[in-house]
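**Student:** I'd like to ask some things about the structure below.
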Amino acid sequence: MALEVEVDPGEEGFDAGRLARIDRHFARYVEDSRLPGWLVLVSRHGRVVHLATCGRRDLEADLPVEHGTRFRIYSMTKPVTAVAAMQLYEEGAFALKDPVERFIPSFADLRVYRDGPASDPRTEAASGQVRLWHLFTHTAGLTYGFHHAHPVDELYRAAGFEWATPEGRDLAQCCDDWAGLPLLFEPGSEWNYSVASDVLGRVVEVISGQPLDRYFEDHIFGPLGMADTGFLVEGPEAAGELAALYVPGPGGGLARADELGGRALRRPAAPSGGGGLVSTAADYHRFTQALLGGGELDGVRLLGSRTLAYMARNHLPGGVDLEAIGRRLFAETTFDGVGYGLGFSVLLDPVANKVLSSAGELAWGGAASTFFWVDPAEQLTAVFMTQLLPSTTYPLRSELRQLVYQALVD
């Protein structure tokens, strides 16, 4: 689906000169080799008001970022998985309080880490069950191997789980492996960014009887016309549109991360509902418009409006924000005043957050510095695409918010 600016910015309350500040600011990231290239899209009331690209999708091949460039969106997969699961919730397939073991039996009899090194951890039986709502909200006690902050993270790495799942291991086996590792804390007591969305993806498979990629295609991507989104970039033409993945170079500049980036060109044995999708700005823009539209876009309804509104509430225990309860947060982003709903962050208090924005904003980002937000109050959405791992390298999210909202003058 072709991308283009659809309306004069002034008709939607934006000052075009102020919007140009976005491009000038982020162009400097390319000029000094902090980013390889980027694409930014801003829309209001469903119409694209600003669209810009800069730099290269592949530095070595000297290929530019284009409107159709494909990006690994990593954790921007999580909201898609949450929508898929809530579609099944709307069919009465589960209750949010259901124990995960109802669908994945290995999640019975879990143990919780208490103390000790990864070589000899002391664990105790969990006092409560991991429930479905814990998976949506990352309060299950699961983790990621790439955190490098806790002995349980080390246990994940020792089991083969760091940035990706071991090749050849299917999603059912991965879930059984995670269930065999200790939880960081009692389910529902804290927040920790984790493989919970991958486990939720397996629940979608079990309930629907479909592989996760097929469920997404039949129930989300196909209906919305997201033809360039999936777990696999297949064919030479599509592969040529895939941006290269980069990390900060040891001596400055950027270094390719082809070993990890190349996984997008191979069909995964375990499609990752937490971080496996590759997409385009045009496709993900369609997804954000469905979220902004209360679950509907162009006559296609993914979710009921009340369901989406419920997902967009803060579901953290006690109604606290992520700074109060979160163990693993992101250095480039402040989470004061930010809660977490069923699949994405929810902005509770822009003043506490200290970034120009609106209460009620839904957002999330990916490990390669991609991110999006949906602002129902202003009827505004934004998508930023690049390929720099990790996302903690630069404060791109807060900077784009500043620059977008200062340009809104109506």
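**Student:** Along region 336-347, what does the Karplus equation 6.51 cos²θ - 1.76 cosθ + 1.60 (θ = phi - 60°) give for ³J(HN,Hα), rounded to whole Hz, x for Gly and Pro?
**Tutor:** Here the 3J(HN,Hα) series is 4, x, 10, x, 9, x, 9, x, 7, 6, 10, 7 Hz.
**Student:** Run the numbers for A227 and Q379: contour at 0.36 nm per residue of separation, minus the present Cα-Cα distance, in nm. Could the numbers behind the result be given before it?
**Tutor:** Numbers: separation 152, 0.36 × 152 = 54.72 nm, distance 2.50 nm.
Between A227 and Q379, full extension yields 52.2 nm more.
**Student:** Here is a follow-up. Rounded, prolate or oblate: which fits region 241-392, taking a ≥ b ≥ c as square roots of the Cα gyration tensor eigenvalues, rounded meaning a/c under 1.5, else prolate when a/b beats b/c? Before the final figure, lay out the partial values.
**Tutor:** Values: a/c = 1.92, a/b = 1.31, b/c = 1.46.
Oblate shape, in that a/c is at least 1.5 and b/c is the bigger or equal ratio.
**Student:** What Rg and what Dmax come out for the chain when only alpha-carbon atoms are used, in angstroms?
**Tutor:** 20.3, 63
**Student:** Let me ask something else. Run the 1.4 Å probe and let me know the accessible area of E90, rounded to the nearest 10 Å².
**Tutor:** 80
**Student:** Please list, ordered by chain and number, the residues whose modelled amide H lies under 5 Å from the amide H of E361; skip anything fewer than 5 residues away on the same chain.
**Tutor:** So E361 has HN proximity to L347.
**Student:** Okay, next question. If you take the beta carbon distance between A16 and Y394 as r and set R0 to 35 Å, what does 1/(1 + (r/R0)^6) give as a FRET efficiency, to the nearest 0.05? All intermediate terms of the calculation are to be shown ahead of the outcome.
**Tutor:** Values: r = 26 Å, r/R0 = 0.74.
Efficiency for this residue pair is about 0.85.
**Student:** Anyone know which of T229, T393, T280 comes out most mobile in the 10 Å Cα GNM of the chain?
**Tutor:** Of T229, T393, T280, the most mobile in the Gaussian network model is T393.
**Student:** In whole percent, how big is the carbon plus sulfur part of the accessible area of region 1-54, probe 1.4 Å, protein atoms only?
**Tutor:** Using a 1.4 Å probe with all protein chains present, region 1-54 comes out at 42 percent carbon and sulfur.
**Student:** Taking H placed 1.01 Å from N in the peptide plane, check which residues at least 5 places from R57 or on another chain put their amide H under 5 Å from its amide H.
**Tutor:** It is L63, V65, by chain and number.
**Student:** Efficiency by 1/(1 + (r/R0)^6): what FRET value for E101 and E323, r their Cβ-Cβ distance, R0 = 30 Å, to the nearest 0.05?
**Tutor:** Values: r = 31 Å, r/R0 = 1.05.
That pair, E101 with E323, gives E of 0.45.
**Student:** Also, quick follow-up: Which residue fluctuates the most in the chain, going by a Gaussian network model with Cα springs under 10 Å, if the choices are P79, P250, P166?
**Tutor:** Taking springs between Cα atoms under 10 Å, the residue moving most is P250.
**Student:** Any idea how far the Cα center of region 303-320 sits from the one of region 385-410, in Å?
**Tutor:** Rounded to whole Å, the Cα centres lie 25 Å apart.
**Student:** Let me ask something else. Please list, ordered by chain and number, the residues whose modelled amide H lies under 5 Å from the amide H of Y340; skip anything fewer than 5 residues away on the same chain.
**Tutor:** H315, L316, V346
**Student:** At 1.4 Å probe size, what's the solvent-accessible area of D177? Round to the nearest 10 Å².
**Tutor:** 40
**Student:** When a/c is below 1.5 the answer is rounded, else prolate if a/b is larger than b/c, else oblate, so apply that to region 97-192 with a ≥ b ≥ c taken from the square roots of the Cα gyration tensor eigenvalues.
**Tutor:** Working: a/c = 1.56, a/b = 1.12, b/c = 1.40.
Oblate shape, in that a/c is at least 1.5 and b/c is the bigger or equal ratio.
**Student:** Another question about this same structure. Counting only Cα, what are the radius of gyration and maximum Cα-Cα distance Dmax of region 187-239, in Å?
**Tutor:** 14.5, 47
**Student:** Using the heavy atoms of the protein chains alone and a 1.4 angstrom probe, what is the accessible area of the chain per residue in square angstrom? Write out the running numbers ahead of the final one.
**Tutor:** Details: 15370 Å² over 410 residues.
Per-residue accessible area for the chain comes out at 37 Å².
The values are calculated or read from the model by the stated rules, or taken from the named source; none is laboratory data. Since the model is a prediction, treat every value here as computed from it, not as a measurement. Glycine also receives a Cβ, built like all others from the backbone with ideal geometry; neighbour counts cover every protein chain displayed. Heavy atoms of the whole protein, side chains included, go into the accessibility calculation; ligands, DNA and RNA do not. Shrake-Rupley method; radii C 1.70, N 1.55, O 1.52, S 1.80 Å.
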